[in-house]
Amino acid sequence: MSARIIDGKAFAAGVRARVAEHVARLKEQGIVPGLAVVLVGEDPASQVYVRNKGLQTVEAGMNSFEHKLPAETSEADLLALIAQLNADPAVHGILVQLPLPAHLNADLVINAISPVKDVDGFHISNVGLLGTGQKAMVPCTPLGCLMLLRDTLGSLSGLNAVVVGRSNIVGKPMAQLLLGDSCTVTIAHSRTKDLPEVCRRADIVVAAVGRPQMVKGDWIKPGATVIDVGINRIPAPEKGEGKMRLVGDVDFASAVEVAGAITPVPGGVGPMTIACLLANTLTACCRANHLPEPEGLTA
Ligand code: NDP
């Protein structure tokens with residue numbers, strides 16, 4: 001039997017619409033949420049991400065402040081900009097686009113962002129708050145995965161979840177969020193023994209590995225929910241010479257035959273990331289103004 005396809009594109013559009021409605025209500029009170037995005041250098045993929053973030057921020061009715069700095073920007077100049085944004089009351093969220101050029105210390109830069117404006121949720125304070133079950137800014141991609149899982153399964157309590165990947169950006173915060181929803185969580189990584197067998201025990205598999213189509217259908221327990229975070233570009237000779245296509249970390253063709261529900265790539269987790277960035281900016285703005293937070297848009 002074929003799995004239910006989790007339509008992340010449609011769900012993300014719904015999140016953006018809810019954010020926009022809430023922003024419109026805030027504007028009636030004279031409050032406009034603002035997101036500052038800082039891009040250092042000319043990495044082409046980062047330029048596309050930053051442009052999309054700016055466009056969607058404006059579409060949601062928020063202010064977008066883009067700061068494009070040359071690749072050779074010094075750490076001192078970048079830290080000075082962050083200090084200025086931390087102090088600016090019109091800026092509720094600050095995002096520094098990663099990766100940074102090699103001469104800049106990303107940890108130092110991220111930890112210079114005010115934790116209450118850290119809409120990426122990467123500041124060490126937010127990592128600690130999430131890990132201790134306190135109110136945090138939650139990293140956007142795992143937050144998006146959690147929203148899709150809750151929508152698909154309702155309560156996650158007591159389910160066995162396997163997160164494949166232990167990065168600070170996806171794997172670890174994803175595991176914390178699942179633990180927060182009372183899953184029994186296993187974090188797998190490149191040293192995990194018998195990964196297929198570990199995955200076969202899971203009611204929920206979240207794949208965040210960066211290896212195209214690695215998780216096969218026979219690793220999936222029949223009826224399990226599969227969330228594919230991976231975005232990998234592979235050659236697509238069927239589309240013409242030199243053409244590429246996007247695939248996830250899950251072998252969709254075999255997994256869809258076994259899973260109960262599965263996210264496609266593209267159109268699954270991907271669109272949720274920017275939607276959750278907008279949601280986090282709105283949450284940060286509400287917190288800054290001591291207003292109730294939007295329901296269903298936080299962890
Ligand atoms: P990282 O490279 O930082 O982490 C990958 C993780 O996968 C590591 O923990 C690594 O283990 C583990 N891993 C690598 N190879 C294997 C293997 N053969 N078996 C088991 N585990 C393995 O990647 P990210 O977490 O940043 O990203 C993961 C994927 O998600 C990528 O495809 C990325 O493009 C995508 N992504 C998508 C986003 C979206 O918006 N949809 C946002 C962010 C990322 P170890 O620690 O032992 O090395």
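The residues on offer are 85, 55, and the sole one that is under 25 Å from residue 231 (Cα atoms) and at pLDDT 95 or above is 55.
Checking the structure you have, find out if any residue of the stretch 62-76 is outside any strand (DSSP E or B) and aromatic (Phe, Trp, Tyr). No, because not a single residue in the stretch 62-76 is outside any strand (DSSP E or B) and aromatic (Phe, Trp, Tyr). Among the numbered conditions (1) touching a residue at least 60 places away in the same chain (Cβ under 8 Å); (2) open to solvent by 10 Å² or more (accessible area, probe 1.4 Å), the only one that residue 95 does not meet is (2).
Reported count of residues in the stretch 258-292, each being in contact with a His (Cβ under 7 Å, 6 or more places away or on another chain) and not aliphatic (A, V, I, L, M), is 2. Evaluation of residue 113 against the conditions (1) under 17 Å from the mean Cα position of the chain (by Cα); (2) open to solvent by less than 20 Å² (accessible area, probe 1.4 Å); (3) away from the ligand (no atom under 16 Å from the Cβ) shows that the sole unmet condition is (1).
For every residue, the table says whether it meets (1) modelled with pLDDT under 95; (2) open to solvent by 50 Å² or more (accessible area, probe 1.4 Å).
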residue	(1), (2)
208	no, no
227	no, no
233	no, yes
273	no, no
281	no, no
295	yes, yes
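Of the residues making up the stretch 185-208, those that are more than 11 Å from the ligand (Cβ to nearest atom) and among the β-branched types (Val, Ile, Thr) number 4.
Filtered by the rule that a residue be part of a loop (DSSP other than H, G, I, E, B), away from the ligand (no atom under 11 Å from the Cβ) and either under 13 Å from residue 162 (Cβ atoms) or among the aliphatic types (A, V, I, L, M) (or both), the stretch 209-235 gives 220, 221, 224. The set of residues in the stretch 1-51 that are in a loop (DSSP other than H, G, I, E, B), over 30 Å from residue 72 (Cα atoms), of a type outside the set (A, V, I, L, M) and open to solvent by less than 30 Å² (accessible area, probe 1.4 Å) contains only 33.
Within the stretch 120-146, being in contact with a Pro (Cβ under 9 Å, 6 or more places away or on another chain) and within 12 Å of the ligand (Cβ to nearest atom) holds for 120, 122, 139, 141, 142, 143, 144.
Inside the stretch 73-87, residues that are open to solvent by 40 Å² or more (accessible area, probe 1.4 Å) and in contact (Cβ under 8 Å) with a residue 24 or more places away in the chain make up a count of 4. Against the list (1) under 30 Å from residue 178 (Cα atoms); (2) assigned to a helix (DSSP H, G or I), the condition residue 95 fails is (2).
Residues in the stretch 236-268 that are open to solvent by less than 20 Å² (accessible area, probe 1.4 Å), within 18 Å of residue 203 (Cα to Cα) and either near the ligand (Cβ under 10 Å from one of its atoms) or not aliphatic (A, V, I, L, M) (or both): 249, 263.
Listed here are the residues, each with its yes/no results for (1) of a type in the set (Val, Ile, Thr); (2) closer than 17 Å to residue 224 by Cα.
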residue: 138; (1), (2): yes, no
residue: 146; (1), (2): no, yes
residue: 154; (1), (2): no, yes
residue: 162; (1), (2): yes, yes
residue: 168; (1), (2): no, no
residue: 204; (1), (2): yes, yes
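Evaluated against (1) within 14 Å of the ligand (Cβ to nearest atom); (2) touching a Lys or Arg at 6+ places or on another chain (Cβ under 8 Å), residue 284 falls short on exactly one condition, (1).
All of 282, 278 fail the test of being over 11 Å from residue 140 (Cβ atoms) and not small (Gly, Ala, Ser), apart from 282.
For the stretch 141-188, name all the residues that are touching a residue at least 60 places away in the same chain (Cβ under 8 Å), surrounded by fewer than 19 Cβ atoms within 10 Å (Cβ to Cβ) and within 14 Å of residue 204 (Cα to Cα). Correct list: 151, 152, 153.
The values are calculated or read from the model by the stated rules, or taken from the named source; none is laboratory data. All figures in this text were calculated on a predicted structure; none of them were measured in a lab. FYI the Cβ positions are ideal-geometry reconstructions off the backbone, even for glycines, and counts take in every protein chain you see. Ligands, DNA and RNA are excluded from the accessible area calculation, which covers all protein heavy atoms including side chains. Shrake-Rupley method; radii C 1.70, N 1.55, O 1.52, S 1.80 Å.
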